[in-house]
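Student: Dropping the structure in here first, questions after.
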């Protein structure tokens, strides 16, 4: 049993929430990174290829037909969007599965195999997908409201826009609520908004700090790709009709650095997923005493799984 295992449901201050995110990552990054890379690595290869094609289409659009260029750009955008959705499903399902196993097992993620992870990840992927689908009509409704307010008056639009931004913070609690609780997706939206609204300041503060850290680290991974891209743009190493050894080397370097960039960005999304999990657990414990409710449910489950004394007497055969 781990001596320094982190309890999930607990009220925490801002500093404690910040520390618990990185404490969890420090304890479990080896286990998580291994399973995350199973899906992220091949998808990063596709994402880098899509971005390279997108940049090449943009840089070489001067002499091409506008229709062809537009179709190429649209196709690459769609392809990259699909890749990002797949990455979100994979990373989200794996990270949440790792956290669920960590909370349930006495020794955390030690000796965890993919077979242990698979049922949790499969359930989580389905829930992430359904949560995203349910969010589509919500997004359309918000857009319709903003457009309607803009048509009425600019002041209404500004007020509505501020309200929407304020509501986006509590919406961060919807997904972890749906993942960690056995409720329907619409109940998760209602409960997540309630938990998020009651802890709005804490979510915003921690989210701001962790977003800044994640973006800074993502930029570090992206620097080599941007350097090669600028070299291609300035020195003209992007002509597909005049290939030479320098163009090939520069294109290869850009692709390799693009893969590294996407691996870094996709993997760093783990910080966001772990943070919203502990933000949810803090809110649920603060407002609903979830640790007490969880303990009662576990006790009742143990009682139900063990036969009563009366049942033992009923099952035993009379002595002859």
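The values are calculated or read from the model by the stated rules, or taken from the named source; none is laboratory data. Just so you know, these numbers come straight off a predicted model, no measurement behind them. Positions of Cβ are backbone-derived with ideal geometry, glycine not excepted, and every protein chain shown enters the neighbour counts.
Student: Testing residue 180 on (1) under 14 Å from the mean Cα position of the chain (by Cα); (2) surrounded by 20 or more Cβ atoms within 10 Å (Cβ to Cβ), one condition comes back false. Which one is that?
Tutor: (1)
Student: Would you confirm whether or not segment 148-170 contains a residue that is assigned to a helix (DSSP H, G or I), free of Cβ contacts under 8 Å to residues at least 40 places away in the same chain, in contact with a helix residue (DSSP H, G or I) (Cβ under 9 Å, 6 or more places away or on another chain) and under 26 Å from residue 100 (Cβ atoms)?
Tutor: Yes - at least one qualifying residue is present in segment 148-170.
Student: What number of residues in segment 194-213 are in a helix (DSSP H, G or I) and surrounded by 18 or more Cβ atoms within 10 Å (Cβ to Cβ)? Show your work before the answer.
Tutor: Here is the first cut: in segment 194-213, the ones in a helix (DSSP H, G or I) are 194-198, 200-213.
Next, only the ones that are surrounded by 18 or more Cβ atoms within 10 Å (Cβ to Cβ) stay: 195-196, 202-203, 206, 210.
Residues in segment 194-213 being in a helix (DSSP H, G or I) and surrounded by 18 or more Cβ atoms within 10 Å (Cβ to Cβ): 6 in total.
Student: Check off (1) in contact with a helix residue (DSSP H, G or I) (Cβ under 8 Å, 6 or more places away or on another chain); (2) closer than 19 Å to residue 25 by Cβ for residue 134 and give me the number that stays unchecked.
Tutor: Failed condition: (2).
Student: Restricting to segment 99-120, what's the tally of residues that are assigned to a helix (DSSP H, G or I) and either touching a strand residue (DSSP E or B) at 6+ places or on another chain (Cβ under 6 Å) or without any contact (Cβ under 8 Å) to a residue 60 or more places away in the chain (or both)? Talk me through it step by step, then tell me what you get.
Tutor: Here is the first cut: in segment 99-120, the ones assigned to a helix (DSSP H, G or I) are 99-104, 114-120.
Checking which are either touching a strand residue (DSSP E or B) at 6+ places or on another chain (Cβ under 6 Å) or without any contact (Cβ under 8 Å) to a residue 60 or more places away in the chain (or both) leaves us with 101, 104, 115-116, 118-120.
So the count comes out to 7.
Student: Using the structure shown, decide if residue 67 is surrounded by fewer than 12 Cβ atoms within 10 Å (Cβ to Cβ), modelled with pLDDT under 95 and part of a helix (DSSP H, G or I).
Tutor: Details: surrounded by fewer than 12 Cβ atoms within 10 Å (Cβ to Cβ): yes; modelled with pLDDT under 95: yes; part of a helix (DSSP H, G or I): yes.
Judged against the criteria, residue 67 is a match.
Student: Do we find that residue 84 is surrounded by 18 or more Cβ atoms within 10 Å (Cβ to Cβ), at pLDDT 85 or above and under 19 Å from the mean Cα position of the chain (by Cα) in this structure?
Tutor: On the way: surrounded by 18 or more Cβ atoms within 10 Å (Cβ to Cβ): no; at pLDDT 85 or above: yes; under 19 Å from the mean Cα position of the chain (by Cα): yes.
No, not satisfied.
Student: Related question: Restricting the search to segment 116-134, which residues are more than 15 Å from the chain's Cα centre (by Cα) and under 14 Å from residue 171 (Cβ atoms)?
Tutor: 134, the sole residue that qualifies.
Student: Only one of (1) touching a residue at least 40 places away in the same chain (Cβ under 8 Å); (2) under 26 Å from residue 89 (Cβ atoms) fails for residue 232. Which number is that?
Tutor: For residue 232, the failing item is (2).
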